[in-house]
Structures are given as C-alpha cells and as structure tokens.
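The structure appears right after this line, and notes come after that.
The values are calculated or read from the model by the stated rules, or taken from the named source; none is laboratory data. Here the structure is a predicted model, which is why all the values come from computation and not from measurement. With ideal geometry, Cβ positions are generated from the backbone for all residues, glycine too; neighbour counts draw on all protein chains shown.
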Ligand SMILES: [Fe+2]
Ligand SMILES: [Fe+2]
C-alpha cells in the first residue's frame, strides 16, 4: 500500500506565474503525472494548495488546483495550509471527504496503519496551532495502531532559523496527545525544504515542496529568495507492518 505526499503547490490562477518565477499550476500537473506513474493507493496534499486562497484570485486558484488534481488516478485527501481558505477548498473539491466541520481533518485506516490528517491553520495567520477542539478530536483518533499523521505546520524543531518561528505554536499539546501511542511520523509541509527531526517520540518530516525551495538559513535582514529545484516526490510504503519512506525524482 502506497501513499504519496504532495506539499505546498502554491497554485496561482491559470495563465499567471507565481512570483514571476514558477508556473505553479503546471508544476502541480507535473507532480500529478509523476505520482500516477508510482501507482499510489492514496495521495495526500499537506496544504498551501493555493498561493492566496482567501484573496481575490482564490476561487480561480482553487479551480486551477482542482483541474490539475483531477488527473490523479488515486483517491485524494487535502489538508489546508496558511495560504488556503477552508470554505473555498471545500467548495472546489466536492468529492474529497473530511471529518465533520468546521475543520478540514480526516482519518482513515490504511490496511492497519492509522492515517490521520490534521488541520493546523489559524485563519489569516502564518503560524499554526491546534486548539483544544482539534487536540480532543486527535486524542479520540489515536489508538494502539501504528499511526502516520499528516499536517501542514510542523512543530518548530526542524533546525530552520526562520521557518521554525512560524511553525506549529504551543506544540506541547500535540506532544502530549501522541505520548503513549505508536506515532511513527508526523509528515508536514510549510517549510519549503526537505527536513526531518526526532521529536516527542516520533519523526517530524517535511518533503521537498511541489513549488519552490527556501534556503536552509536565509541571511538575516535580507529578502528571502526561493530556488526552483527538480521535482521530487515523497513516497510512503506500508508493507508487512513496516513504513518505509523514499524521496524520488519525478
Ligand atoms: Fe507554503
Ligand atoms: Fe505554509
């Protein structure tokens, strides 16, 4: 059984170019084609699906994202990032399933692997948080199964000078919730660079972004510049009770 994670596509409206640098709708289309080649059983997008979901172009951005993702051959799960808008995301993907509103969370049993998707956003803020409502949902979804959690905001433990400050705030709530459960990994996005950290008994990770990559340590005070790297995909294989993870070239 195979899951592919796509993160941070930052899709802009069709016919426009993200930051005059990258055709993000085309990049997501490329990622979808590459994912299909790997024959996943599930694809999870961990947020920042659009570049400005709440903004004036938001609906057009979700349309472009939905057009690109419509070519996926596997079932799709979507989580919001700080650049997304929950209502517009829900409206643009009528066939994607989430738990009960208001949050865009999901849980599903994946052949004995408990797969949980968290909604970590605070509308109109860059950093994320899990309120007591969401932590309580999470506690109800954790049991004795091996668990893979997806979320947009990682706890700020990835050793990234800038991004660590705008990650999941008050992460001790998440650490307490997973304590005593077999959480193998918390697979996130948001940081725009491949990174991993051992935290709270689990592995926190972020795969390469679908869109552009950020430097590991931006020069203090200087504008942050993105680079465009060759596309790579995060592949999670669940076989015989073992979760293996690969990052593969598209
Ligand atoms: Fe992002
Ligand atoms: Fe983000």
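Within region 147-160, can one find any residue that is more than 14 Å from ligand 1 (Cβ to nearest atom), surrounded by fewer than 21 Cβ atoms within 10 Å (Cβ to Cβ), assigned to a loop (DSSP other than H, G, I, E, B) and over 19 Å from the mean Cα position of the chain (by Cα)?
No: zero hits.
Please state which of the following conditions residue 8 fails to meet, knowing it meets all the rest: (1) farther than 26 Å from residue 230 by Cβ; (2) assigned to a loop (DSSP other than H, G, I, E, B); (3) within 16 Å of ligand 2 (Cβ to nearest atom).
(1)
Yes or no: region 165-182 includes at least one residue that is modelled with pLDDT of 95 or more, in contact with a helix residue (DSSP H, G or I) (Cβ under 9 Å, 6 or more places away or on another chain) and within 15 Å of ligand 2 (Cβ to nearest atom).
Checking region 165-182: at least one residue is modelled with pLDDT of 95 or more, in contact with a helix residue (DSSP H, G or I) (Cβ under 9 Å, 6 or more places away or on another chain) and within 15 Å of ligand 2 (Cβ to nearest atom).
Please count how many residues of region 33-65 are under 19 Å from residue 152 (Cα atoms) and either touching a helix residue (DSSP H, G or I) at 6+ places or on another chain (Cβ under 7 Å) or away from ligand 2 (no atom under 16 Å from the Cβ) (or both).
Going through region 33-65 one residue at a time, the tally reaches 10.
Pairs only if they're at least six apart or on different chains, beta carbon under 6 angstrom, first in region 66-85 and farther than 19 Å from residue 151 by Cβ, second assigned to a helix (DSSP H, G or I) and more than 16 Å from ligand 1 (Cβ to nearest atom); list them, first residue then second.
66/92; 68/29; 68/32; 71/32; 72/32; 73/36
Does any residue of region 114-122 turn out to be modelled with pLDDT of 95 or more and surrounded by fewer than 17 Cβ atoms within 10 Å (Cβ to Cβ)?
Checked region 114-122: at least one residue is modelled with pLDDT of 95 or more and surrounded by fewer than 17 Cβ atoms within 10 Å (Cβ to Cβ).
Within region 40-75, can you find the residues that are assigned to a loop (DSSP other than H, G, I, E, B), touching a strand residue (DSSP E or B) at 6+ places or on another chain (Cβ under 7 Å) and away from ligand 1 (no atom under 15 Å from the Cβ)?
40, 41, 72, 74, 75 - these are the residues of region 40-75 that are assigned to a loop (DSSP other than H, G, I, E, B), touching a strand residue (DSSP E or B) at 6+ places or on another chain (Cβ under 7 Å) and away from ligand 1 (no atom under 15 Å from the Cβ).
Applying the selection to region 171-191, what residues are in contact with a strand residue (DSSP E or B) (Cβ under 6 Å, 6 or more places away or on another chain) and buried (at least 24 other Cβ atoms within 10 Å of the Cβ)?
Residues satisfying the conditions are 186, 187, 188, 189, 191.
Go through region 213-250 residue by residue and tally those that are closer than 17 Å to residue 36 by Cα and either outside any strand (DSSP E or B) or modelled with pLDDT under 95 (or both).
2
Return a yes/no flag: does region 94-109 have any residue that is surrounded by 20 or more Cβ atoms within 10 Å (Cβ to Cβ) and within 22 Å of residue 24 (Cβ to Cβ).
yes
Scan region 1-17 residue by residue and report those that are within 19 Å of the chain's Cα centre (by Cα) and surrounded by fewer than 24 Cβ atoms within 10 Å (Cβ to Cβ).
Hits for region 1-17 are 2, 12.
Here's the yes/no breakdown for (1) touching a residue at least 12 places away in the same chain (Cβ under 8 Å); (2) over 19 Å from residue 45 (Cα atoms); (3) within 16 Å of ligand 1 (Cβ to nearest atom):
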| position | (1), (2), (3) |
| --- | --- |
| 87 | no, no, no |
| 91 | yes, no, no |
| 94 | no, no, no |
| 101 | no, no, no |
| 107 | yes, no, no |
| 133 | yes, yes, no |
| 162 | yes, yes, yes |
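Can you pull out the residues in region 31-60 that are surrounded by fewer than 22 Cβ atoms within 10 Å (Cβ to Cβ), in contact (Cβ under 8 Å) with a residue 12 or more places away in the chain and farther than 20 Å from residue 190 by Cα?
33, 34, 36, 38, 39, 41, 42, 57, 59, 60
Which residue out of 124, 182 is over 16 Å from the mean Cα position of the chain (by Cα) and touching a residue at least 60 places away in the same chain (Cβ under 8 Å)?
None of the other options fit; the residue is 124.
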